[in-house]
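The structure under discussion appears below in the form of structure tokens.
The values are calculated or read from the model by the stated rules, or taken from the named source; none is laboratory data. It should be emphasised that the depicted structure is a prediction, and the values quoted were computed from it without experimental measurement. Cβ placement follows ideal geometry from the backbone for every residue including glycine, while neighbour counts extend to all protein chains displayed. Only protein heavy atoms, including side chains, enter the accessible area calculation; ligands, DNA and RNA are left aside. Shrake-Rupley method; radii C 1.70, N 1.55, O 1.52, S 1.80 Å.
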Amino acid sequence: MSEQKIIGVLFIDRFADWEYGLLAASAVEWFGARAVSLAPNGKPVTSASGFMLTPDRSTAVDENTDLDAVAVIGSDQWVDAPPDVSALLTAVAARGVVGGICAGTLALARAGLFDKAKHTSNGRDWINEKEPGYPGAQNYQDVPYAVADGRIVSAPGSAPGTFALACLKTLYPQRSSDLAEMRTLFAKEYAEGEFAAAS
């Protein structure tokens, strides 16, 4: 792997705006990574809020041989009309980290990446309904935060903070002090925020 890690963030139409920011920005600002945006066929995609994103690359395997990691961002289109990105995810998993958040976890399930990996998603019933009989269903962890097992990371859509931390911890295991600092910073919002006492 190169000295500077390259992280692909994979978007499809109606992608969830809140699920990638902490990961992409933290990877670049805190860890010196390079983040690149990916979308099927390299065509622009529109977020759930209507923002348009023009990707740096397509999801073709031969266009992404330098990726050290890829993070699949959620979208209801992973349920309704999913593109096939299994070849890319399998190729990256052979050498690096693959993460999926929210409905993006369905792409990992379809690629067989949960076969031997503990994982989570938007609920056991939810993933079993959307992808019945997927390989590794018995490895599901019913938790509200990200799960990392080996180089596979997964999270429910409500957990972008722990998703960012788990992806970065898996990619940079030697940077434990920076990761601890990030975790403390993220947690302060809930521990000390205006609504902490009301929760």
Any residue in the stretch 143-161 that is surrounded by 18 or more Cβ atoms within 10 Å (Cβ to Cβ) and part of a helix (DSSP H, G or I)? yes
Among the residues of the stretch 89-106, which ones are in contact with a helix residue (DSSP H, G or I) (Cβ under 6 Å, 6 or more places away or on another chain) and free of Cβ contacts under 8 Å to residues at least 40 places away in the same chain? ALA91, LEU106
Just one of the numbered conditions (1) of a type outside the set (Ser, Thr, Tyr); (2) in contact (Cβ under 8 Å) with a residue 40 or more places away in the chain; (3) crowded, with 20+ Cβ neighbours inside 10 Å is not true of HIS119; which one? (2)
Determine, yes or no, whether GLN174 is more than 19 Å from the chain's Cα centre (by Cα), closer than 23 Å to VAL79 by Cβ and either open to solvent by less than 30 Å² (accessible area, probe 1.4 Å) or not β-branched (Val, Ile, Thr) (or both). no
Which listed residue, of GLY104, GLY100, is part of a helix (DSSP H, G or I) and under 22 Å from THR162 (Cβ atoms): GLY104
